[in-house]
Amino acid sequence: MTILIRPHHFLCMLTFMGKGYSAAFVKNYTSIVERLNAGEDIKIIDGPDDICKPMLHEPGHHCHNGSVKARDGIASRRIHDLLGLELKMGQHLKLTSAQVKTLRNAYEDGAFRVACDGCQWQEMCTSIAASNYRGCRLNPGHEPNNG
């Protein structure tokens, strides 16, 4: 199977440690991270993705907002600049431990903070980065395959 991910969720995954909007959201997100850690591939999409699914039934949820789409654009450009990995819609890739380490280092240094502006989790994620990502669940253990 393939996990559908929007670009800014690459940043959110860096600090995921089992907290979120609801129990259903956390259960779903935990399952997605476990699948990524096992080497499942990702398909880049535009708009709500597999992480958003538990929240899409809620009226007015932010997954469709312009501010979230703007986050996707900023995250996509920053990831491209950092990893040389262009996140094109429909592209398949596997996230490697080396990429996660590079992204975490850049996040900790502030390279992505502009993509997080306005996010209610930004303060928590900043604190998690300052703790050297202690307790975070994303830890893929496979070799690169970004074809």
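Key figures for this structure:
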{"quantity": "Rg and Dmax [Cα atoms of the chain; Å; Rg one decimal, Dmax integer]", "calculated": "14.0, 40"}
{"quantity": "For region 75-91, Karplus couplings with θ = phi - 60° (6.51, -1.76, 1.60), whole Hz, Gly/Pro x", "calculated": "4, 4, 5, 5, 5, 4, 4, 7, 9, x, 10, 7, 8, 8, 4, x, 5"}
{"quantity": "Backbone N under 17 Å from the SER31 label point (7 Å along Cα→Cβ), restricted to region 1-17", "calculated": "1-5"}
{"quantity": "Euclidean distance of C-alpha centroids, region 1-67 and region 125-142, integer Å", "calculated": "16 Å"}
{"quantity": "Pair GLN91, LYS53: separation of 7 Å Cα→Cβ label points (nm)", "calculated": "2.4 nm"}
{"quantity": "Residue among HIS61, HIS92, HIS80 with the largest mean-square fluctuation in a Gaussian network model of the chain, springs linking Cα atoms under 10 Å", "calculated": "HIS61"}
{"quantity": "For ASP41, residues with placed amide H under 5 Å, excluding near neighbours", "calculated": "ILE3"}
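Each reported figure results from applying straightforward, stated rules to the coordinates on display, with no laboratory input. These numbers were taken from a predicted model, which means no experiment stands behind them. Backbone-built Cβ (ideal geometry, glycine too); neighbour counts: all protein chains shown.
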